[in-house]
Structures are given as structure tokens and as C-alpha cells.
Amino acid sequence: MQHKLTVIVSADVVGYSGLMERDEAGTLERLKANRRTIFDPRVAAHGGRIVKLMGDGALVEFGSVVSAVRCVREIQDATEADCSAPDPERIRYRIGVTLGEVIVDDDDIYGDGVNVAARLQAIAPPGGVAVSRPVRDQAAGRLDVEFDDLGEHAVRNIDRPVHVFIVRPISRSEPTTAQEPKQRLSICVLPFANMSGDPEQEYFSDGITEDIITDLSKVSALNVVSRVSAFSFKGKPVDVGQVARALKVTHVLEGSVRKSGKRVRITAQLIEAATDSHLWAERYDRDMDDIFALQDEISEAIVRALKLTLLPGERQAIERRSTTNSEAYKLYLMARQYNATGNSRHRGVTVRLCKRAIEIDPNYARAWALLSVSQSNRALLALAGESGLEAAERALALAPDLAEAHAAKGRVLGDEGRYEESLAEHTIALRLDPDAYEVNNAAARCFIALHRYREAIECLERAAAAIETDFWALGMSISCHEALGDREAAMYAARRTLARVEKTIVAEPDHGVALSFGVTALAILRENDRAKEWANRAMLLDPENYNLMYNLACGMIKLGETDEALKLLEPVFRTAQVQSLNWWKVDSDLDPLRHDPRFQAMLAQAEARLAASPAQP
């Protein structure tokens, strides 16, 4: 294979899945038109080569940094000027550009340079371009653009962080005319820093941030940057003014949370981007019982500072919360943190925490929804208990417009094999909250079961972006890419999965599920010896974990170790419940075994056992 240094461009359509959901035929036609009249001609005009198109994305290489940056700015400008569709339905790109080494395999390229370009693309604002330092250094002064410094960002599988810059036109000094429209007020709520001195309190500071984002999103006169975009800056040194310019917002809110016992201190400051000055700042020292009133105060203080007027319905919406009990709220946030770890040993913990939160506040809809998901997870582990349907129905009765509740019900219906009903619930959930981890996680399962792999990948990528430590979503996308016959995309997903798994097992060496996803990733990357070593280690550390055994069996199938896969599946099939059986029937990872008489016999025995026990939950 040939190695070479080249300029790599990664482009992706903003909000593609939502556009497709609203108008699939129209979106495809607009995307094709954009490529035909804007994207492809400009790439060709500037000497670029389209390596491959990936649904809503494209990978392009150039021989010149200047040509690449000039090209992508022209693409963005021309795309933004295209008014052939209403604003919500327009095609817009995020684009990342880097200079790096790639491996050439026939007409394809892959390697660190591709990885970095994809990460830059994810950081870029809608309609914007993010570049690495080498690109900035070579293009600076040679183009009619400026570069806003976003600082260093960690990139999966890259040892050193990447210094990121956002490209924008050079600011002009001409006075603004009276006819120019005033920029709509917009805000990014940066993740509040956890100042509690305990990393385990991170769930609380993140929860506060998310609630403030949710509250401000209810103000119709204010545009609020999504949680995914805001949390992409979590844990990174950033310049607030540069963040504002990169995300094209007028204001930025930053702050910190210190929780100690029953006391909480929250500091917050609102910064105006145009002047880089503090518009409002406050420090609050309160009892935990006042946490909800405190969140209301912060939201209303921001609204006043921005000189906005809350409509009566908006004020009521901000003050209406899923719970008003601070202890139930704390338990829910803790349960959500444990659920997000993906550790099978925490499944019972999340159920216990949710049930305790519900005991304290029986009307806590979000706790009921998370309880439903937690019960579903336990059922897939071949553990006796409720399916989660009753909890999901209770959540919906309490909050019919709660996205997590629809996602939870969709998850349970899918586990029961009722995929069309499941899809209807997920469609509602994605419309209500298209960026939420819980929503995309559950919807992806349904799309995978229906073999709608491209839509599953969309959801899995959003879930992976929502929680940067999550390995499950990227790990599941490996099989989706394989099912579509895209070996390179599967390998790319495997590299990203492995990077997250490695970080997880540094913190939790006995995390069986993480190790099993690592085995699959290593198998895809053809690191067979290491994959087998990890599999042996996982079984030594967590030998009674049926979820681990199933995942390891999938990894063994990819390694061509059929006998070992069947050996691992035997105890899983012997104890499985109907939810697991339904998944096995649609999981493409098991397709290589479906004609094996031993597999067919195990499946038939499991079906007979479950049919003889209709009362089994």
C-alpha cells in the first residue's frame, strides 16, 4: 500500500436525517442538484478528486491547501446563496479540512488524515469550515479569509490533540446600513464546569447545563445551540469570543457548579460576542431544595439581560418541570450516568435508582422513561423482570410530549418484535428531540431490526456525538456498515470504537461489554491475536455476563471462529428471554451461522422453551 501526504476534505449535510424524514424524495433531489451544480463542478475546477460519496457526505482530496480552502468556501457560499428551497429544507454542509498522511488503497484513502478531517467536519458550524493548524499556516495571508482559533481538540486514535480553526470571510470596516437586518439573538450554553472536586459529580453539572439549554429553548425569540454542538467544547480550553463566531451566535453563557452535601453554588456569566464583554454575571449559593427555583432564576435573568419578553406560555413552560423534588432529580441524573456507562453490572443499579426516584415523586415522567429503558436492558441480559412497557406507558401518560417516553415505548415494542409500532414511536421521539442520546440510541435499534442501516447509522452517529465516551453507538455502526458492504467505513468505525473502548477500560478494566466491543473492532481491523487475547481476558473478568458472551460470539464470527462462537452462544440461548430471541432473528452479525445445524438446533430449543413458558416476562 502507498502512503502519501495530501489535503483531505470531509463534508457532511447538516440535519440530513431530519430532512429525509420530512421529505425523502425532495431531499435526495436537492442534494443531487447541489452536487451536480455546485459541489462537483467546484471540486473539479480547483483540481480536487472526489474519493467517495457516502449518502449525505463526501470525502475529497486536493494537492494544494490553498485550492482546497478556496474550493470549500466557494461551495459553502454558493450553497448558502441557493434559495431554491425554503430555509428549513435547504441543503447546508459542515466541512473539515486537514493536511495529513493517508494510505492509498486502489482509488480509496484512509488513515489518520481521514480521521482528523472527519473530526474537524463534526466541529464545524452549519455552513462553516473547520481546518487544522497546518492548513491555517499554509493558507493564512493567501486567501480573503480569517481564521478563528478554537484551541486544541482531542481526536480519536490520534495521540496529539488537533489545533482547530474556523474559516470566515475577512471582516470589513464599512458601516452597517439601516436596511441591513439585525442578527437574531442566539446563544450557546457551554457545559458548566464541575468544581465539586469529585469527578463523579460530573453528572450533576452536566444535568444543570442541559436543563438551562432546555429552558432557554422554550423562548421563541431566542435561537439556542443544540446540546451536541455545545458539549463538543466540554473539557477543552476555549476562547468564548471565538466560540461565538464559530457557532454564529450573538451570546455565550458559561459557568460552574460546586455541589457539597445539601448545598450548591452556581456561577454564570453571559457574554456578548460583538463586544466580548460581560452582559450579566451572578453567583448563587443555595440549598439543594432550591435547585429548580434557581434554574428558573438563571433563565429569567438571561432573558432580562437580552431585553426579551417572555410570553405567558413560555414562562409556564420554563417553570413546568418533570419533577420539583431535588432528591428525585439527583437520583435520576445519577441513574442516567450509570445507564450511559454501558456496563452490564450497572443495569440493576439504574433500575434501583429510578424506582427510588419514583417512590419520592410518582409523577416524575423522565424517571419512568429511564426505568423503562433500564428494564428493557435487563430483559436483554436474560434477567427476569418487567419488560418496561408499563413504565413507558406511565411516562407517556404523565408527559405525552416527552421524547424519552416515546423512545422508551418504541424500544420495548421493538424488543417484542412489533417493529412497525416501534418505528411510529421513534419517529415521534426524533421529531421532538432529534439530538438526544436516549432517542437516537433507541431509534437505531429499530432501524437495525428493519435492516434500514443508513438511517441506523445516522442515529448512531448522533448518539456517539451526544456522549463522547459512549462506545456502543460506534460499535453498532460497524455491523451496519458491513451490512451495506462498505468495508472502509466499517474499519473507520472500528478504529473510533476501539479508541473509546481503550479509554473506558483504563477507568474500568473489568468492563466486560466494553471489552467485547473491542474484540469486534479488533476483528474488523484484522488484529486477530489481540482480539482473541481480549476475549479470553473478558471471560476471566466477567464470566457470568450473558451480554458479554453474545457480543464475544459476534466477534468470534467475524474472526471465522464458528465453533467458539457457538460455544459462547449455547448458555445464552439456554437462558434467554423472548426479547433476546427477537433480536437474534434480525441481527446481521449472526447471518453466517443461520444455516449451521447446531445454530438452528439451539434456536429451536430456545423457541420451544419460551413457548412452553408463556407467563415468562
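Only the coordinates and a few stated rules stand behind these numbers; no lab work does. Everything numeric here is computed off the predicted structure, so don't read it as measured data. Neighbour counts run over all protein chains shown; Cβ positions are idealised from the backbone, glycine included.
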Residues Tyr332, Tyr93 in order from fewest to most other beta-carbon atoms within 10 Å are Tyr93, Tyr332
Links exceeding 23 Å between C-alpha atoms in this model, out of Lys248/Lys307; Lys259/Lys503; Lys218/Lys248; Lys236/Lys503, come to Lys259/Lys503
Lysines whose Cα lies under 19 Å from that of Lys558, excluding same-chain neighbours fewer than 8 positions away: Lys532, Lys567, Lys585
To the nearest 20 debye, the range 186-321 has a Cα-centred charge dipole, built from +1 on Lys and Arg Cβ and -1 on Asp and Glu Cβ, of 220
Which residue, Thr575, Met491, Val102, has the largest displacement toward the positive end of the dipole of the chain when charges sit on each Cβ (Lys, Arg +1; Asp, Glu -1)? Val102
What are the semi-axes of the equivalent ellipsoid of the range 2-169, taken as the square roots of 5 times the eigenvalues of the Cα gyration tensor, listed largest first and rounded to whole Å? 25, 17, 16
Only helical DSSP H runs with n ≥ 4 go in: add -39500 (n - 2.57) per run for the chain, normalise by residue count and round the 222 nm mean residue ellipticity to 500 deg cm²/dmol. -17000 deg cm²/dmol
To the nearest 0.05, the calculated FRET efficiency linking Ala33 and Glu468 through their beta-carbon distance, R0 being 35 Å, is 0.50
For Lys567 and Ser84, what does the FRET efficiency come to when R0 = 51 Å and r is the distance between their Cβ atoms, rounded to the nearest 0.05? 0.30
Give the residue from Val116, Gly127, Leu143 lying farthest towards the positive end of the charge dipole for the range 2-169; charges sit on Cβ (+1 for Lys and Arg, -1 for Asp and Glu) and the dipole is referred to the Cα centre. Leu143
Hey, could you pull the Cα Rg and Dmax for the chain, both in Å? 24.8, 80
Treat the count of other C-beta atoms within 10 Å as a stand-in for reagent exposure and order Lys262, Lys218, Lys503, Lys409 from fewest to most. Lys262, Lys503, Lys218, Lys409
Order by neighbour count: Ser387, Ser220, fewest other Cβ atoms within 10 Å first, most last. Ser220, Ser387
Return a whole-number percent for the relative contact order of the range 215-332, with Cα pairs under 8 Å and 6 or more residues apart as the contact set. 21
Taking amide hydrogens as modeled 1.01 Å from N in the peptide plane, which residues meet the under 5 Å criterion relative to Gly127, leaving out close sequence neighbours? Tyr93, Arg94
May I ask which residue of Ser217, Leu430, Leu402 lies farthest towards the positive end of the charge dipole of the chain, with charges of +1 (Lys, Arg) and -1 (Asp, Glu) on Cβ and the Cα centre as origin? Ser217
Using alpha-carbon pairs under 8 Å, 6+ residues apart, how would you state the relative contact order of the range 509-617 in percent? 22
Tell me which DSSP H helices of the chain clear both cut-offs, 27 Å or more of axial length from alpha-carbon atoms and a mean Kyte-Doolittle hydropathy of at least 1.0. none
Could you work out the relative contact order of the range 324-458? I mean the mean sequence separation of Cα pairs under 8 Å and 6+ apart, divided by the number of residues, in percent. 16
Only Lys, Arg, Asp and Glu count, each charged at its Cβ (+1, +1, -1, -1), so figure out the dipole size of the range 509-617 about its Cα centre, rounded to 20 debye. 180
How many times 2.2 N^0.38 Å is the alpha carbon radius of gyration of the range 323-470? 0.96
Using r as the Cβ-Cβ distance of Gln316 and Ser613, and R0 as 41 Å, what FRET efficiency do you calculate, to the nearest 0.05? 0.25
Expressed in nm to one decimal, what extension gain is obtained for the pair Arg526 and Ala604 from 0.36 nm per residue of sequence separation less their Cα-Cα distance? 24.8 nm
Can you check what the net charge comes to around Gly128, using other residues whose Cβ is under 9 Å from the Cβ of Gly128 (Lys, Arg +1; Asp, Glu -1)? +3
Rg/Rh for the range 441-580 to two decimals, with Rh computed the Kirkwood way over all alpha-carbon pairs. 0.95
Quick one: putting +1 on the C-beta of Lys and Arg, -1 on the C-beta of Asp and Glu, what dipole do you get for the chain around its Cα centre, in Debye to the nearest 20? 300
Theoretical gain in end-to-end length, Glu508 to Glu297 [0.36 nm per residue, Cα-Cα removed]: 72.1 nm
